[in-house]
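The values are calculated or read from the model by the stated rules, or taken from the named source; none is laboratory data. In this text, all values refer to a predicted model and were calculated from it rather than measured experimentally. Glycine gets a Cβ as well: all are built from the backbone with ideal geometry, and neighbour counts include every protein chain shown. To get the accessible areas, we keep the full protein, side chains included, count just its heavy atoms, and leave off ligands, DNA and RNA. Shrake-Rupley method; radii C 1.70, N 1.55, O 1.52, S 1.80 Å.
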Amino acid sequence: DMDVPMIDLKPLFGDDEGRRLDTIRELACAFTDVGFVFVVSHEVGVKLLASMRTLLVQVFAADEATKNRWVIDRDNYRGYIPLGFFTPNRTDITTPPDSYEGFKLHWECPVDHPVRAECSLYGPNRWPDHVPGMAELVLGYWERCDRLTTTLLSVLAGAIGIEPSVILTHFEVPLTNMTLLHYPP
């Protein structure tokens, strides 16, 4: 029975090479021995998380007509996912219906990026107009999460003897997505 270790990432961003290497070893051991780790000092702070929480309340507090202007469709799998949206796709009628609503986002791919011609999953996000500043807040949060991911991938690649750029090149045009969720009472 192992506890999940908590590791402070602050040394990864500092000048003390000894503490940086100790943190890298701690991370490598945690992922090798336990498979999971709690990380702190990662720049996705409490204030940002609180702002995201406030944003979620605003997104889902809108009336149905407002939210339905942003419903996902076959041509753009970005936007509002109504309560029970995926239930008709189920074949097992004993499974309870979807009990959440969501807002689907993907990596904000630049308009002129050539990957858009290669894959329809790369396209524009749909930002609802009833939540001012949503794009800026979500993209700022996403950037911090990406920075944390890049840091962890770089550290772990180095820990196993792989040049970090070998792994990071596969994330230059990511097919990442985020679903903001609301579970009504």
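Here are a few things to note about the model shown:
- In Å², nearest 10: area of residue 170 left accessible to a 1.4 Å probe: 140 Å²
- Across 114, 164, 82, mean-square fluctuation computed from a Gaussian network of the chain (C-alpha pairs under 10 Å connected) peaks at 114.
- Solvent exposure ordering (accessible area, 1.4 Å, most first) of 105, 121: 121, 105
- Sequence-ordered 3J(HN,Hα) estimates for the stretch 48-58 from the Karplus curve with 6.51, -1.76 and 1.60 and θ = phi - 60° stand at 5, 5, 5, 5, 5, 4, 4, 4, 4, 4, 5 Hz, glycine and proline given as x.
- Residues whose placed amide H lies under 5 Å from that of residue 39, excluding near-sequence neighbours: 7
- Applied to the stretch 19-26, the Karplus parametrisation 6.51 cos²θ - 1.76 cosθ + 1.60 on θ = phi - 60° returns per-residue 3J(HN,Hα) values of 5, 4, 5, 4, 5, 4, 5, 4 Hz, with x for Gly and Pro.
- Of the listed residues 80, 183, 141, the order by accessible area with a 1.4 Å probe, largest first, is 183, 141, 80.
- Considering only beta bridges that DSSP places wholly inside the chain, some 70 percent are antiparallel.
- Applying a DSSP loop filter and a limit of 15 other Cβ atoms within 10 Å to the GluC sites (Glu not before Pro) in the stretch 19-90 leaves 43.
- Solvent exposure, largest accessible area first (probe 1.4 Å, DNA, RNA and ligands not counted), of 109, 119: 119, 109
- Averaged per residue, the chain has 63 square angstrom of accessible surface, using a 1.4 angstrom probe with ligands and nucleic acids left out.
- Stretching the chain fully between residue 37 and residue 52 yields a gain of 3.1 nm (0.36 nm per residue, less the alpha carbon separation).
- Tensor-based shape of the stretch 98-143 (alpha-carbon gyration tensor, a/c under 1.5 rounded, otherwise prolate or oblate): oblate
- If the segment from residue 76 to residue 63 were pulled out straight at 0.36 nm per residue, it would be longer than the present Cα-Cα gap by 2.5 nm.
- Label separation (residue 146 vs residue 100): 2.3 nm, computed from points 7 Å beyond Cα along the C-beta direction.
- Net charge in the neighbourhood of residue 178 (other residues with Cβ under 14 Å of its Cβ; Lys, Arg +1, Asp, Glu -1) is +1.
- Within the chain, helix-based [θ] at 222 nm, where runs of 4 or more DSSP H residues each add -39,500 (n - 2.57), nearest 500: -12500 deg cm²/dmol
- In this simple spin-label approximation, residue 116 and residue 4 carry label points 7 Å from Cα along the Cα→Cβ vector, and these lie 3.8 nm apart.
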